[in-house]
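Participant: First, the structure itself, so that you have it in front of you.
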Ligand code: ADP
């Protein structure tokens, strides 16, 4: 398999602070790769180094056999920053056409490229919409479409699911899964569990050090906290417990339902469908435990 990225002993300082510390890894073209680690771990610094926006103080990195920033990589790598926004003044197709033209495509070519990428993200019918007519999740899908303009081989997505509710986050992961034949994706996240079922390979950064490069294979258990408008009871527990992947269901002191599940079998969609089928009045569903349960559970 072709090596997309080979990094050897990459080190980057900001003043005296070592943001990347002898980071070495290899990534081959293929299924999505996760870059995970807590805030401040060095993920953005690593992405910026791969894009050629920052230069490492020592060590080497080659992307598609070139140094980052080499003109021959133009159009072969795309990156989506966490805070990327669509321009509210223009329609979706106008702005994607413009980005295509900035890549050097003629107006007509750029427009057919726009239509191609919109189809890839299943939003063809929104070509003439303006950003405010789209949901948050749809806007994120348009931004991902934007990265695919010009058919890059490598796409870096920085915190692509941050700020999305669990259902939209799952949709983005499914979208990336469906696009893996188009490009090799590297997704950064501060949440290891989130990318666990999507990525075969995990780069785990902590304080600038790469601590793991392979997929965490052992089954992990994560928690979802479901709040209903009505008080939760044993009846709710009994209905949730049989869902596939659920390990245990408990109530916390404030009446929220804690669902422990195997991360290899996410249960969020099944849980929301159950709420609908049972006509439970759903209030919120969040990843993890609430602070109260973390501290006192
Ligand atoms: P992450 O993306 O994992 O949150 P970053 O790469 O943004 O981590 O940051 C890694 C470390 O480098 C953090 O301690 C951060 O405060 C520091 N850092 C990031 N950018 C700069 C900068 N421009 N100047 C000084 N320190 C920085």
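Participant: Beyond 18 Å, how much of the Cα-Cα pair distribution for segment 1-103 remains, as a whole percent?
Facilitator: For segment 1-103, the share of Cα pairs beyond 18 Å comes to 56 percent.
Participant: Evaluate E = 1/(1 + (r/R0)^6) for residue 22 and residue 260, where r is the Cβ-Cβ distance and R0 equals 35 Å; express this FRET efficiency to the nearest 0.05.
Facilitator: 0.40
Participant: Hey, another quick one. Taking a quarter of the surface of the convex hull around the Cα atoms of segment 141-241, what do you get in nm²?
Facilitator: 9.2
Participant: At residue 55 and residue 11, where each label point lies 7 Å from the Cα along Cα→Cβ, what is the point-to-point distance in nanometres?
Facilitator: Simple spin-label model gives 1.7 nm for this pair.
Participant: Also: What is the pair-distance distribution P(r) of segment 87-151, computed from all Cα-Cα distances in 5 Å bins starting at 0, with each bin given as a whole percent?
Facilitator: Answer for segment 87-151: a P(r) of 4, 22, 34, 25, 12, 3, 0 percent.
Participant: In Å, what Kirkwood hydrodynamic radius results for the chain from the alpha-carbon pair distances?
Facilitator: One over the average 1/r among Cα pairs gives 20.9 Å for the chain.
Participant: Considering only the chain, what is the antiparallel percent among its DSSP beta bridges, to the nearest 5?
Facilitator: Counting DSSP beta bridges with both partners in the chain, the antiparallel share is about 65 percent.
Participant: Taking the Cα centroid of segment 220-295 and of segment 56-133, what is the distance between the two, rounded to the nearest whole Å?
Facilitator: Between the Cα centre of segment 220-295 and that of segment 56-133, the gap is 38 Å.
Participant: Still on this structure, please answer the following. What ranking of 200, 21 emerges when the number of other C-beta atoms within 10 Å of each C-beta is taken as an exposure proxy, fewest first?
Facilitator: 200, 21
Participant: Within 10 Å of each residue's Cβ, count the other Cβ atoms and sort 244, 114, 184 from fewest upward.
Facilitator: Final ranking by Cβ density, sparse to dense: 244, 184, 114.
Participant: Let me ask something additional. Once you keep just the Cα pairs under 8 angstrom separated by 6 or more residues, what percentage relative contact order results for the chain?
Facilitator: Normalised by residue count, the contact order of the chain is 19 percent.
None of the figures in this text is laboratory data; all of them are computed from the coordinates on show. Because the structure is a prediction, the values reported are computed rather than measured. Note that each Cβ is placed from the backbone with ideal geometry, even for glycine, and that neighbours are counted across all protein chains shown.
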